Amino acid sequence: MTHDSHKARLTELIRTLCVRDEVTSAPDPALCLDLEQATLHHEAAPLIGHVMIDLLEESGYAPGDYDSVGGATRSASYVATALLHAATSRGLDLDAFCVCAAAPSPESLPPIEGPSINGRKIVVIDDPYAEGNSPLPALETLRQAQAEIVAVAAVVGGPSRLKDFAEEKGIVYCSALTDLDLVTTAIKN
């Protein structure tokens, strides 16, 4: 498969698996997206990894320009894992990490799970549709770990605090698809 065919197939799978039925009647149809349905799917997850690596390359980040990918939501962790596996299948070295929610006690969990990101160049995965707390505290955790955020990437981009943060800091924000791509097609069908 070529990059374009990977992306086309992924778009089709996300439309089928992730766009909820109520999309045509919701006040904001873009909010009716459950990306985890794709990140845990046998065909969609590997495509996500390959499409995201290609997206980063198209955005100016070749393999080696970043060493680790991850984020603060469950869905971001799944996307990071898909990237890790896609990179491995291409013979590339890439680690993944997960910024944990505040632990109840210092002995509970480390604030970042996975190989150390101290001093490493990282890509933060954004999922604007994930429910939960603001991703901004996770950025402070990454800063304290002395990681260098080189880009923020999303499978499906939409209004996002991480996008706003990236733009403020001059960090590249890229997304493989837009919510409009998915919603427009879902409404037509």
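Summary table
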read-out	value
Residue among Ala72, Ala87 that is over 20 Å from Thr11 (Cα atoms) and either of a type in the set (Val, Ile, Thr) or crowded, with 23+ Cβ neighbours inside 10 Å (or both)	Ala72
Total residues in the range 107-143, condition on the phi > 0 side of the Ramachandran plot and modelled with pLDDT of 80 or more	2
Long-range neighbours under 6 Å by Cβ, at least six apart or interchain, first residue under 13 Å from Ala62 (Cβ atoms) within the range 83-96, second among the small types (Gly, Ala, Ser) and crowded, with 17+ Cβ neighbours inside 10 Å	Leu94/Ala87
Filter result for the condition that a residue is closer than 27 Å to Leu10 by Cα and either surrounded by fewer than 21 Cβ atoms within 10 Å (Cβ to Cβ) or touching a Cys at 6+ places or on another chain (Cβ under 6 Å) (or both), over Arg161, Arg143	Arg161
Pair list, Cβ under 7 Å, 6 or more apart: the range 1-25 residue closer than 17 Å to Ala82 by Cα and modelled with pLDDT of 90 or more, other residue of a type in the set (Val, Ile, Thr) and not in a helix (DSSP H, G or I)	Ile14/Val156
Leu47 vs. criteria surrounded by 22 or more Cβ atoms within 10 Å (Cβ to Cβ), within 20 Å of Ala154 (Cα to Cα) and not aromatic (Phe, Trp, Tyr)	yes
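The values are calculated or read from the model by the stated rules, or taken from the named source; none is laboratory data. What you see is a predicted model, and the numbers here were worked out from it, not measured in a lab. Note that each Cβ is placed from the backbone with ideal geometry, even for glycine, and that neighbours are counted across all protein chains shown.
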